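See below for the structure under consideration.
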Amino acid sequence: MEYSYKFRLYPNREQINLIERTFGSCRYVYNHYLAMRQEVYQTSGESFNYYACCRDLTLIKQLDETSWLREVDATALQASVQDLDRAFQNFFRRVKQGEKPGYPKFKSKHSHKQSYKSKCVGSNIKVLDGALQLPKLGRVKCRISKVVEGRILSATVYRSASGIYYVSLCCRLDQDIPKL
């Protein structure tokens, strides 16, 4: 079973700066590949799929113009590409079923709620006493109101419209399924 825990974060100035840069980097990656997928389809009629985007993302991070993408969490950028691919899959599914399709839209800098998702690789996301360890951010003060049970799968950091930072942990509780 999967559970979700939501906690309030109290990041310091450096951590806020890195969180904001991660929001911007994820938005840039999403918008860049949305534009690239549109351009490739219009010029050649072929699709630019998720795996091609991931291969291209590693090449883009090596360029001097976009070297700032190396400063943020790599799994957050990959999750952004995954979100774009899921948006296209949902679009094509709705077209196929005859529903109102809803083509994927570009992300705006002026959105009230901004977020990014980091996957847990090894033990890069940990719950500590009164804090949470997140990739690239390190130890962030956190109001932990419940005991987190199970294996942490991912952490979604987001800023509400009022400017308060939260983290949502997705955890899986692996138990033996009773036999009937």
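Brief remarks follow.
- Förster radius 41 Å - calculated FRET efficiency between D174 and E20, Cβ distance, rounded to 0.05: 0.70
- Neighbour cut-off at most 16 other Cβ (10 Å), DSSP loop, chymotrypsin sites (Phe, Trp or Tyr not before Pro), segment 68-142: F106
- Stretch in the chain that is longest and holds no GluC sites (Glu not before Pro) that DSSP places in a loop and that have at most 13 other beta carbons within 10 Å: 100-148
- Apportionment of accessible area to carbon and sulfur, segment 106-180, percent (1.4 Å): 50
- Probe 1.4 Å, protein heavy atoms only - accessible area per residue of segment 87-180 in square angstrom: 70
- For segment 17-61, accessible area per residue (1.4 Å probe, heavy atoms of protein chains only), Å²: 53
- Placing unit charges on each Cβ (+1 for Lys and Arg, -1 for Asp and Glu) gives the chain a dipole about its Cα centre, and among Y5, S25, Y41 the Cα reaching farthest toward its positive end belongs to Y5.
- Rounded percent of accessible protein surface that carbon and sulfur make up, segment 1-103, 1.4 Å probe: 50
- For segment 1-98, the dipole from Cβ point charges (+1 on Lys and Arg, -1 on Asp and Glu) about the Cα centre works out to 440 debye, to the nearest 20.
- Answer label for P(r) over Cα pairs in 10 Å bins from 0, in percent (calculated), chosen among [x] 9, 25, 17, 12, 13, 11, 7, 3, 1, 1, 0, 0; [y] 9, 31, 32, 20, 7, 1; [z] 9, 29, 25, 17, 9, 6, 5, 1: [y]
The values are calculated or read from the model by the stated rules, or taken from the named source; none is laboratory data. Owing to the predicted nature of the structure, the values given are computational and were not obtained by experimental measurement. Backbone-built Cβ (ideal geometry, glycine too); neighbour counts: all protein chains shown. Accessible surface is based on the protein model in full, side chains and every heavy atom, while ligands, DNA and RNA are left aside. Shrake-Rupley method; radii C 1.70, N 1.55, O 1.52, S 1.80 Å.
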